[in-house]
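First up is the structure itself, then whatever we jot down about it.
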Amino acid sequence: MAIKVGGLIRGYGRGKKRIEVLQDYSMRVERGTIYGLLGPSGCGKTTMLKVILGRLRPEAGSVEVLGAEVGTPECTVPGSAVGYSPQEIALYEDLTIADTLLFHGRLQQMLPQQIAERQEWLIEFLDLPEAGRQIGNLSGGQKRRVSLAVALLHQPKLLLLDEPTVGVDPELRYRIWQHLREIADAGTTVIITTHYIDEASKADCVGMMRDGILLAEGQPQELMMPHGHTSLEETFLHLCRRTNVKEVE
Amino acid sequence: MNLGRVRAIAARKFTSLKRDHRTFAFIVIMPAIQILLFGIAIGQSPVGLEVAVISSEATDIDDDLMAKLGASDALVLHDEYTSVGDARTAISEGNLWAAIVVTDSGGIEIHLDNSNQQVSSTILVEVRNALTEILEEKGVTPPLEVADPVYGDKDPAFINFLAPGIITLVCFMFSLILTTMSFVGERYDGTLDRVFAAGTQPSEVLIGHMTAFTSILIGQVSTVILIAVYGFDIPLNGNPLMVFMLAMLLGWSAMCIGMFISTKATSEFQAIQLNMPFMFLVLLVSGILWPVEALPAWLQPISWGLPTTWTAEAFRSIMIRGWGFEQTVVAGAFVYNIVFAGIMLMVAAKSLKTQD
């Protein structure tokens, strides 16, 4: 098991200003699989990723990543085991593509030779402009791809991608998924958040999230079948209605 | 502490600073302009003060007095006034700063427009010096004699007191401004999350930034000291390297305050506002414009809590008195800055770590 989250509670603020984000959240991610986390904006996906990264401390519950509890010295996350692509572009606008990859490569203790090799491959694979171009002058889609390149740079065991395919053209999106599939088969665990429902259906396992709770988790086929649905969209809608009814009761 | 990561962050920050040509030019040139303006505008003695001299028939010292007073360019002498009344009217109409009246008994009486202390004291010093010289020439020992001072010149310029303080102020202010925005954007645009995801420690982020800013600090500190010493003839009787090192330490203290502010501020606008209390405290209560000894007792502990108070005091001791580490004032300033910067760095690291 790559990630085991149980009974996670996390909110922001105190007293009257308190906002509950994750309420008794649980999820399990197998090693070497692609996990698609599906949910609308504001449902707590990003908060959950930040808890896995050790950036936010859980208020209650347990978070185990790559075999160790987050926050303990044995845990390799945060560190070189994880590649993270935040929802924001999260790049320094005044650096060039080469500067950016060099910076993150050095942070990961990569050798100059390794960084150069990966840079060449990533530029080719993600169809990026030449390495000397400044980030500030790239289009939104190009920036998104550089952001993904940074996460892939050091070939981590765990990839956390927060909406990596927004604004990326369908052909390239197809190639990205193909690559994610390849590295997953080679043992990398990928968690990808998205609000494109058809994209999530390509994952090995889908988690449907709403208002800080995981409504359902399982293989796309498994989730659809019991309700006789032909798309995840229907399943999601069905689950939302069911929880709404429960809340009213 | 991983030095590789610190180096990566320092190199990244330095590239960013270098790419922004306009800001880079600004932060290199501004301290120089500021110290130049201070040196030119503040603390020099006033010149060309219009003063009447009214002589008396009964004594003969007025020719000597006119000659001595006329020799300096501080005063412009007028002998067309014949009575004290005329001169006082001219003063009240704003045509004269003072009237120097030689009385029949050979004494001297000064009538002043005493609305400006600096002007009045300049006139008084001129008159005192002229009288002392006249008396000495006549072989009379003046009743009050200022012996050779232990430290400083016989006629200390206000700028000599002010300059060490201004160097302190400039080094502090520019380091604070330089760092106060460091993380305001990065905390919200995800770049810092990414750096932390790589396993970077908050202290590594802070020290990396400090390293990059230090390259600018070296330039700023050197310019400011060189302009003060060579441009304005501020005495530097002690070890120049000590002045430089202390200025660097103060710059680091200020950077740690600036970085702390930038871990707290929610916007760049707010960061600038949060700077203000520090700037005002430093300007007003750390003995830069006015001696700390003149502060009320309750304000003194606050004053000595600021690294600038220690630094300004030590700069004065090194530059004017020529003191070194054997003096507690000087050694204390070094120690206090190191301790202050260290504690502030830890506080900032803790604040950068908790994201709520």
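The values are calculated or read from the model by the stated rules, or taken from the named source; none is laboratory data. Model, not experiment: these values are computed from the prediction. Cβ: placed from backbone, ideal geometry, glycine included. Neighbour counts: every protein chain shown.
Some notes on this structure:
- Residues of region B:208-234 satisfying the condition of being of a type in the set (A, V, I, L, M) and within 14 Å of another protein chain (Cβ to nearest Cβ): B:212
- Total residues in region B:248-294, condition surrounded by fewer than 19 Cβ atoms within 10 Å (Cβ to Cβ) and assigned to a loop (DSSP other than H, G, I, E, B): 5
- Hits in region A:211-249 - residues which are within 18 Å of residue A:191 (Cβ to Cβ) and modelled with pLDDT of 85 or more: A:212, A:213, A:214, A:215, A:216, A:217, A:218, A:219, A:220
- When region B:55-75 is filtered for residues that are β-branched (Val, Ile, Thr) and closer than 15 Å to residue B:132 by Cα, only B:61 remains.
- Spans of helices (runs of 4 or more DSSP H) in region A:38-128 with at least 2 residues farther than 30 Å from residue A:237 by Cα, in contact with a Ser or Thr (Cβ under 9 Å, 6 or more places away or on another chain) and at the interface with another protein chain (Cβ under 7 Å from one of its Cβ atoms): A:97-107
- Just one residue in the set B:89, B:122 is buried (at least 18 other Cβ atoms within 10 Å of the Cβ) and at pLDDT 90 or above; that residue is B:122.
- Considering residues of region A:14-28 that are of a type outside the set (Asp, Glu) and in a strand (DSSP E or B) only, the residue farthest from residue A:70 (Cα to Cα): A:19
- The residues listed here are B:134, B:159, B:177; of these, the one that is surrounded by 13 or more Cβ atoms within 10 Å (Cβ to Cβ), part of a helix (DSSP H, G or I) and at pLDDT below 85 is B:159.
- Against the list (1) away from every other protein chain (no Cβ under 12 Å); (2) surrounded by fewer than 21 Cβ atoms within 10 Å (Cβ to Cβ); (3) in a strand (DSSP E or B), the condition residue A:11 fails is (1).
- When residue B:209 is tested against (1) buried (at least 20 other Cβ atoms within 10 Å of the Cβ); (2) over 30 Å from residue A:52 (Cβ atoms); (3) at pLDDT 95 or above; (4) not charged (D, E, K, R), just one condition goes unmet, and that condition is (2).
- Candidates in region B:1-32 are the residues that are surrounded by fewer than 17 Cβ atoms within 10 Å (Cβ to Cβ) and of a type in the set (Lys, Arg); of these, the one that is nearest to the other protein chains (Cβ to nearest Cβ) is B:7.
- Single unsatisfied condition, residue A:141 versus (1) within 13 Å of chain B (Cβ to nearest Cβ); (2) within 26 Å of residue A:195 (Cα to Cα); (3) among the small types (Gly, Ala, Ser): (1)
- Test: residue in region B:18-34 that is part of a helix (DSSP H, G or I) and over 30 Å from residue A:93 (Cβ atoms): no
- Counting residues in region B:139-146 that are part of a loop (DSSP other than H, G, I, E, B) and in contact with a helix residue (DSSP H, G or I) (Cβ under 6 Å, 6 or more places away or on another chain) gives one or more.
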